[in-house]
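Encoded as structure tokens, the structure appears first; notes follow it.
The values are calculated or read from the model by the stated rules, or taken from the named source; none is laboratory data. Here the structure is a predicted model, which means the values were calculated and not measured. Every residue, glycine among them, receives a Cβ derived from its backbone with ideal geometry; neighbour counts consider all protein chains shown.
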Amino acid sequence: MKPMFSLIITSAFGIVILGVLGLLFKSGHETVLGSTGDPEDGEKVAGILFGAVMVYAGFLVCCAGQAWLHKRERGVQLQ
């Protein structure tokens with residue numbers, strides 16, 4: 001059951017980090033768009049990052065559901 005919780009934590013961390021990066025690209029913040037080698041269209045990059053957030057959110061829902069089902073499941077009872 002512990003690997004399932006590590007996947008939940010990884011998914012939550014990915015959602016937060018990619019969401020923050022997406023917001024920075026969407027707003028055109030100079031931290032991510034202020035150099036000569038940075039992408040020119042921050043809106044497109046933000047869209048891709050928000051798509052990745054949705055993938056991570058799907059993983060989070062699936063992993064949390066599996067952990068909930070595993071916790072709810074009772075072991076075999078012998079009589």
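Scan the stretch 65-79 for residues that are among the polar types (S, T, N, Q) and either touching a Leu at 6+ places or on another chain (Cβ under 6 Å) or surrounded by 13 or more Cβ atoms within 10 Å (Cβ to Cβ) (or both) and jot them down.
So in the stretch 65-79, the residues among the polar types (S, T, N, Q) come out as 66, 77, 79.
Gln66, the sole residue that qualifies.
One residue is enough: does the stretch 31-47 have a residue meeting the conditions exposed (fewer than 13 other Cβ atoms within 10 Å of the Cβ), under 30 Å from Arg72 (Cα atoms) and modelled with pLDDT of 85 or more?
no
How many residues does the stretch 18-74 hold that are under 30 Å from Met4 (Cβ atoms) and in a loop (DSSP other than H, G, I, E, B)? I'd like the intermediate steps shown before the answer.
Kept after step one, since they are under 30 Å from Met4 (Cβ atoms), are these residues of the stretch 18-74: 18-23, 48-74.
In the following step, the residues that additionally are in a loop (DSSP other than H, G, I, E, B) were identified as 73-74.
Within the stretch 18-74, residues that are under 30 Å from Met4 (Cβ atoms) and in a loop (DSSP other than H, G, I, E, B) number 2.
The rows are residues; the columns are (1) loosely packed, with under 14 Cβ neighbours inside 10 Å; (2) in contact with an Asp or Glu (Cβ under 9 Å, 6 or more places away or on another chain); (3) at pLDDT 85 or above; (4) of a type outside the set (Gly, Ala, Ser).
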site	(1), (2), (3), (4)
Ile9	yes, no, yes, yes
Ile15	no, no, yes, yes
Leu21	no, no, yes, yes
Ala57	no, no, yes, no
Cys63	no, no, yes, yes
